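See structure below.
The values are calculated or read from the model by the stated rules, or taken from the named source; none is laboratory data. Note that the structure is a prediction, hence the values are computed from the model and not measured. Please note that ligands, DNA and RNA were not included when accessible areas were found on the heavy atoms of the full protein model with its side chains. Shrake-Rupley method; radii C 1.70, N 1.55, O 1.52, S 1.80 Å.
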Amino acid sequence: MAGFHGINVDQSNALVNRMGQLCRQRTTGANRQTLTALMYPVLTLDTVDATGTQLPLKYGRVDCIGLIVYSYAYQKIFELSMQTEFTPLLSLIGGMLIGLAALVLMATNGQIAGISGIVSQVLPPSINRSKAITSAAFIVGLLVAAPAVKIMTGTLPEATMVAHPVLLVIAGLVVGLGTGTGNGCTSGHGVCGLSRFSTRSLIATVTFMLTAAITVYIVRHIIGAVQ
Amino acid sequence: MNLITALIAGLIFGVGLLFSGMTNPAKVQNFLDIFGLWDPSLAFVMGGAIAVTAPGYYFLRKRTGTFLGAKFQWPTRTDIDNRLVAGAAMFGVGWGLGGFCPGPALTALPFAFESVTGPLWFVPAMLVGLGIAKANN
């Protein structure tokens, strides 16, 4: 039987399968139960064929109601898989540790704990040997942090990847160019700069917060690219 | 000695990033998604960090050298130029796109093979970007 509204059986099959796939990939535990409930109407909705016979809406018979439910469920899949818990205390403690690290680095080595700046110091073309060596030690510390936390607590904090690899390469390039040109990132301008009450850093921080929020708004709410 | 303190500082920094949620790109993007799935947690990260660093810096400013006898490298620039604003604007776009800024991307790198693979793509590209910017500085 042909599909409805310009959608053929193959396409509607593909839609339903894709949805099931997303459910499996992007959800866990409680989220999955909510989604199963959401998917239920799509897979069980009854519809009527040309002769007036009731047909159970199974794979390949997604009509327009099914599609509306589908797009609603799709949106829910995205929201449920992307939602993160509000963690004020954990974030505050993490932030204070970051602040402590910035203090330790300044109090002992006299260096600003700006990650983009520190990474820059170990990159060609011009390398200042003594600065590069302490920067490298700091970077090693950063790289050791996750394995250390894993050994101590047995787990790592949850993380959900959103962007496509191609997008990540572009993002990485833009972050590198931007922080290199603007002399700082979230740590150098955002934490250390604001802690020194630097106007330069305040302007940088307001600027990158703004363009970042605008970017997320465009990607999520205008383009709707959530894959 | 200063290598050990730099390493310890990096380690504390990374642990802080992991606890704070900064290494979770979804959380970062939700923080930036004010009109959507807004999760304000990360405001507490910056707040907590500044609450420790600002008073600490205030006292360190009164010293002439570090506890290891090194010179303080306090940034001296105060000018607001196009490079600062354009660079920060670019950084924001990349941060929003990928959900990673430099520190968390490096911190998440060791586990990129088994969980979130993002840093595998992001970090090399970021190093190239930083290298290009440095060469043109």
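What pairs from B:K62/B:K134; B:K71/B:K134; B:K27/B:K62; B:K27/B:K71 go past 26 Å between their alpha carbons? Working shown, then result.
Details: B:K62/B:K134 32 Å; B:K71/B:K134 24 Å; B:K27/B:K62 38 Å; B:K27/B:K71 38 Å.
Long pairs (Cα-Cα over 26 Å): B:K62/B:K134; B:K27/B:K62; B:K27/B:K71.
Provide the solvent-accessible area of B:Y57, counting protein heavy atoms only and rolling a 1.4 Å probe, rounded to the nearest 10 Å².
0 Å²
Calculate the tail of P(r) for the range A:144-227: the fraction of all Cα-Cα distances greater than 19 Å, expressed in %. Write down the numbers at each step before the final one.
Values: 2001 of 3486 pairs.
Tail of P(r) above 19 Å: 57 percent of Cα pairs.
How large is ³J(HN,Hα), in whole Hz, for each residue of the range A:112-125 in order, when computed from phi with the Karplus curve 6.51 cos²θ - 1.76 cosθ + 1.60 and θ = phi - 60°, using x for Gly and Pro?
Whole-Hz 3J(HN,Hα) from phi for the range A:112-125: 6, 7, x, 5, 4, x, 5, 5, 4, 5, 9, 9, x, x.
For chain B, which DSSP H helices look membrane-span-like by this rule: Cα extent along the axis of 27 Å or more and mean Kyte-Doolittle of at least 1.0?
Values: long enough: B:41-60 (29 Å, 1.41).
The answer, listed by residue number, is B:41-60.
Expressed as a rounded percentage, what relative contact order does the range B:50-129 have, with Cα pairs under 8 Å and six or more residues apart? Could you put the intermediate results ahead of the total?
Values: 27 pairs, mean separation 11.5, N = 80.
Averaging sequence separation for qualifying contacts and normalising by length gives 14 percent for the range B:50-129.
Give me the compactness ratio for the range B:39-137, meaning the Cα radius of gyration over 2.2 N^0.38 Å.
Details: Rg = 17.3 Å, N = 99, 2.2 N^0.38 = 12.6 Å.
Computed over Cα atoms of the range B:39-137, the ratio equals 1.37.
Mind running the shape call on the range A:88-223? Use the C-alpha gyration tensor, a ≥ b ≥ c as the square roots of the eigenvalues: rounded below 1.5 for a/c, prolate if a/b tops b/c, oblate otherwise. Please list the in-between numbers first.
Values: a/c = 1.39, a/b = 1.16, b/c = 1.20.
Rounded, because the longest to shortest axis ratio a/c is under 1.5.
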